[in-house]
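Encoded as structure tokens, the structure appears first; notes follow it.
The values are calculated or read from the model by the stated rules, or taken from the named source; none is laboratory data. These numbers were taken from a predicted model, which means no experiment stands behind them. Glycine also receives a Cβ, built like all others from the backbone with ideal geometry; neighbour counts cover every protein chain displayed. Keep in mind that these areas ignore ligands, DNA and RNA; they rest on the heavy atoms of the full protein, side chains included. Shrake-Rupley method; radii C 1.70, N 1.55, O 1.52, S 1.80 Å.
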Amino acid sequence: MKIGIASGKGGTGKTTLAVNLSVYLQEKHPVILLDCDVEEPNAHLFLKPTFSEEQPVFVKNPQVNREKCDYCGKCSEVCAFGALTVLKSKILFYPHLCHSCGSCAYFCPNKAIEEVDRELGIIQKGSALNIEFTHGILNVGEAMAVSVINEVKKSQGVDQITVIDIPPGTSCPVVASLRDIDFCIIVTEPTPFGLNDMGLLVQLLQKMEIPSAVVINRWDLGDTGVERFCQNEKIPVLVKIPFDKEFARLNAEGGNLIEKIPWFRDSIQELWAGVKGLEKL
């Protein structure tokens, strides 16, 4: 089973939930935890895995052979993302716009373009407890997170339970992270911002036909808008987590919380029972 932990906005507590759900599940099942938030991965700060493997992630970029190029402009014409501009005797290439589709090389009439590797980031693999862990780190200034996410997702299991920490928002990295998962837990907070961004995520999940349920974090600090929305959209609210200063303090120190806060272990247990109950429907 592949479970995504997502949020429409950052800061709702999805990584805390992903790590602690993994720690809870590994007591009875082998678990794989994937941190797909490659622009700002932080699950490792709480899980504290021992890393055993690191590998770079490359993308293909065009490299022009000036001796063969006659500056016809065909490469620029077929590039849908504006990554190439052909001048009278010069070609400008913008690597951060390139989607590595290879169209420029394929359609070049003079075969003057070859594709070469450019490092985009790295992935690291390790383990903690009975959890296999993989995360990706996108290089600073890079925009193409999807290639790194796809490499991270190659570590998802077949027989194990895979928990995926999804990037916040509803953009391309989120779609890539959600693809092929079985269930999504939406973590939100009871505020107008939380409601608005959760609504966008719900629309995305409905289009991708991914079943979902909601966890409301710090439920006692906000309003009832999220609960009314879930009721109207018939989305189950599995758990409501209260605000707790001690919880916040321990979370800031890192590590998992279910071993330190009994009521939070109960909440995670209730959450998993809810997911299993929905899976049977």
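Observations on the structure shown:
- TYR71 accessible area, assembled protein chains, probe 1.4 Å, Å²: 60 Å²
- The largest accessible area among VAL59, VAL140, VAL86, VAL237 belongs to the first residue in VAL140, VAL237, VAL86, VAL59, and the rest follow in falling order (1.4 Å probe, all chains).
- Prolate/oblate/rounded call for segment 35-111, Cα gyration tensor, a/c under 1.5 rounded: prolate
- Taken about its Cα centre, segment 1-124 carries a charge dipole of about 340 debye when Lys and Arg each add +1 at the Cβ and Asp and Glu each add -1 at the Cβ.
- Computed from Cα atoms, the angle from the helix 192-207 axis to the main principal axis of the chain rounds to 70 degrees.
- For the residue pairs LYS9/LYS154; LYS111/LYS153; LYS90/LYS207; LYS14/LYS154; LYS28/LYS60, the C-alpha atoms sit more than 32 angstrom apart in LYS111/LYS153; LYS90/LYS207; LYS28/LYS60.
- Solvent-accessible area per residue, Å², over the chain with all protein chains present [probe radius 1.4 Å]: 50 Å²
- Put the Cα centre of segment 73-125 next to the Cα centre of segment 148-190 and the gap is 29 Å.
- Computed magnitude of the charge dipole of the chain (debye, nearest 20; Cβ of K, R +1, Cβ of D, E -1): 500 debye
- Listed by chain and number, the lysines whose C-alpha is less than 17 Å from the C-alpha of LYS245, apart from same-chain residues fewer than 8 away, are LYS260.
- Ordered by 1.4 Å accessible area with all protein chains kept, CYS72, CYS98 run largest first as CYS72, CYS98.
- Pairs of Cα atoms nearer than 8 Å and 6+ residues apart set the relative contact order; for segment 35-153 it is 38 percent.
- Projecting the Cα atoms of GLY222, PRO49, HIS135 onto the dipole axis of the chain, where Lys and Arg carry +1 and Asp and Glu carry -1 at the beta carbon, places HIS135 farthest toward the positive end.
- Computed over protein heavy atoms with a 1.4 angstrom probe, the accessible surface ordering of ARG249, ARG265, largest first, is ARG249, ARG265.
- Unit charges on C-beta of K, R, D, E only; dipole of segment 176-273, Debye: 60 debye
- Under 20 Å from the Cα of LYS276 - aspartates and glutamates, other chains or at least 8 residues apart: GLU27, ASP159, ASP165, ASP180, ASP182, GLU209, ASP266
- Between the amide H of VAL239 and those of ILE216, distances stay under 5 Å, these residues lying 5 or more places away or on another chain, with hydrogens modeled in the peptide plane.
- Extreme residue, positive dipole direction of the chain, given options LEU238, MET208, ILE32 (C-beta unit charges): MET208
- Cα-based helix-to-principal-axis angle, 262-279 vs the chain, degrees rounded to 10: 70 degrees
- Of the residues THR16, SER103, GLN160, the one whose Cα sits farthest towards the positive end of the charge dipole of the chain is SER103 (charges of +1 on Lys and Arg Cβ, -1 on Asp and Glu Cβ, taken about the Cα centre).
- Per-residue SASA remark: LYS9, around 50 Å² accessible (1.4 Å probe; ligands, DNA and RNA not included).
- Applying 1/(1 + (r/R0)^6) with r as the Cβ-Cβ distance of PHE243 and LYS28 and R0 = 45 angstrom yields a FRET efficiency of 0.90.
- Mean ellipticity per residue at 222 nm, deg cm²/dmol - from DSSP H runs of n ≥ 4 across the chain, formula -39500 (n - 2.57): -9500 deg cm²/dmol
- Considering only alpha-carbon pairs that sit under 8 angstrom and 6 or more positions apart, the relative contact order computed for segment 67-134 is 26 percent.
- The stretch between LYS68 and GLU253 holds 60.7 nm of extra length on full extension. This uses 0.36 nm per residue minus the Cα-Cα distance.
- Carbon and sulfur %, accessible surface of segment 121-196 computed with the full protein complex present, 1.4 Å: 55 percent
- The chain: angle of helix 14-25 to the longest principal axis, Cα-based, in degrees nearest 10: 60 degrees
- Inter-label distance, nm, simple model (7 Å from Cα along the C-beta direction), VAL140/LEU278: 3.9 nm
- Apportionment of accessible area to carbon and sulfur, segment 58-101, percent (1.4 Å): 54 percent
- Percentage relative contact order, the chain, counting C-alpha pairs under 8 Å, at least six apart: 27 percent
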